[in-house]
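Colleague: Below you'll find the structure I mean.
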Amino acid sequence: MSLELSVGPDGQLVLPAREAEALGLPAGGWVDVVTARNAFGLVVPARGDAPRSWFAGSLSALTVPEVIQFVFTSLKTGVLLLAFGDAGRSVRGEAPEQLRRKSIHFRDGQIVFASSSDAADRLGPVLAAAGLVSPTDLERCARLVQSGRPLGQVLVDEGVVTPAALYEGVVAQVREIVLGAFVETEGEFAFLEGPADEANAVKLPERTRDLLLAGMRRLDEAERAAQGAAGTTTPVAAAATPTRTATATKTATRSGTKTATRTATPATDTAAAPAGPFGTYRRLLARVHAALAVAEPDAGARLNGWLDALPAGRRALFDGVRLDAAGELDTTRVVANVEAAGAYRGAAARARALEALEEFLAFALFEAKNRLPRAEAEALLREVGRMQMGKS
């Protein structure tokens with residue numbers, strides 16, 4: 001959102017009522033403010049359960065799938081806050097645009113809950129779409145909702161749905177909120193590390209890894225629909241993976257800001273070093289190989305041995321792909337292999353390739369922990385974490 005900044009006495013911060021309510025402080029209260037010059041400001045309640053650490057930025061720098069992939073692979077616990085749409089650049093004196101907001105809660109990298117400000121994501125419409133409640137019952141029960149008695153409780157109390165059916169509806173609601181976030185391309189994100197939302201946690205039918213693939217399929221379908229609406233006549237099956245160009249905005253972390261310009265390389269182009277997450281995995285694997293090679297001269301053979309021992313179906317993903325003497329691996333070839341198998345295309349193929357590379361990296365780190373002295377292994381893990389965060 002866009003607001004006019006007023007400078008007042010030290011120790012005071014004035015926010016619109018809806019923003020204070022979103023912080024859980026509708027009547028005001030003390031907050032902690034973290035800022036990075038010219039880049040970002042984060043406001044969190046000043047209380048015992050305030051986040052221990054956080055990272056944030058623009059979806060033009062990191063996409064929703066990339067952020068969720070990082071939280072999943074780093075096994076983090078906390079909440080991912082998303083704000084979509086125009087930042088609300090309004091003319092002075094006019095009300096700023098209300099952003100659409102979603103929050104996704106994680107426990108050890110697994111999604112356990114989600115909420116949304118979108119009307120279509122609310123429990124009522126989700127239950128109606130699933131055929132669990134009739135429009136008449138939904139309208140009648142909605143009039144009985146009040147503070148401390150949410151819609152779900154009313155529906156159960158009125159005998160409209162069983163507790164089991166309500167839980168099924170909430171699970172479907174959480175899943176849809178998460179998958180709907182994948183198609184959003186404009187906005188900001190902030191991940192706040194802290195205790196999981198145990199009170200509202202549900203067990204989704206898919207693990208986060210499978211949700212990533214489902215979300216990327218939905219993104220791929222949205223891209224195809226956009227191409228069709230634009231009058232694209234090239235068959236999707238024959239179309240090359242589009243080149244994605246994005247200029248990263250400053251991304252705030254505790255240590256400061258980062259500005260980068262990133263141009264992604266098509267997945268089938270192996271002439272240039274890959275950018276984006278595929279370039280990151282290439283650097284990560286090379287770094288782990290270099291550290292392991294100090295202790296084990298046959299580090300490359302040890303790591304490639306994992307690729308050779310894979311079952312046939314998974315080994316096909318790494319067909320023709322091996323670490324060379326310098327620890328370099330052609331990560332874009334993995335995408336080509338996934339697409340050649342025919343099960344995934346476009347964004348879904350990239351997601352499956354990233355999953356395969358994450359499995360290889362997990363093994364490489366496991367080998368490093370087993371072969372390196374403990375202090376060196378721990379230092380390597382910290383360095384890999386910084387590299388994944390884009391801090392080195």
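Colleague: What aspartates and glutamates could a cross-link reach from Lys369, if we take a straight Cα to Cα line under 14 Å and drop same-chain neighbours fewer than 8 places away?
Modeller: Within reach: Glu296, Glu378, Glu383.
Colleague: Now, a different point. Among Gly276, Val338, Gly313, flag the residue with its Cα farthest along the positive direction of the charge dipole of segment 258-388, charges on Cβ as +1 for Lys/Arg and -1 for Asp/Glu.
Modeller: Going by the Cα projections, it comes out as Gly276.
Colleague: May I pose another question? What is the sum of charges, Lys and Arg at +1 and Asp and Glu at -1, for the other residues whose Cβ falls under 13 Å from the Cβ of Gly159?
Modeller: Around Gly159, the charge tally is -2.
Colleague: Obtain the radius of gyration and the Kirkwood radius of segment 133-186 from its C-alpha atoms and give Rg over Rh.
Modeller: 1.09
Colleague: Report the Cα centroid-to-centroid distance between segment 337-381 and segment 288-325 in angstrom, as an integer.
Modeller: 11 Å
Colleague: Could you pull the Cα extents of segment 51-226 along its three principal axes, largest to smallest, in whole Å?
Modeller: Between the extreme Cα coordinates on each principal axis of segment 51-226 lie 47, 44, 39 Å.
Colleague: According to the square roots a ≥ b ≥ c of the eigenvalues of the Cα gyration tensor, what is the shape class of segment 258-388, taking rounded for a/c under 1.5, prolate for a/b larger than b/c otherwise, and oblate for the remainder?
Modeller: Note, shape of segment 258-388 comes out oblate.
Colleague: Still on this structure, I have one more. Testing the spin-label approximation: label points 7 Å from Cα along Cα→Cβ at Asn200 and Arg315. State their distance in nm.
Modeller: 4.7 nm
Any read-out appearing in this document is the output of simple, stated calculations on the displayed coordinates, not a laboratory observation. Everything numeric in this text was worked out from a predicted model, so none of it was measured. Heads up, the Cβs are rebuilt from the backbone with ideal geometry, glycines too, and the neighbour counts pull from every protein chain shown.
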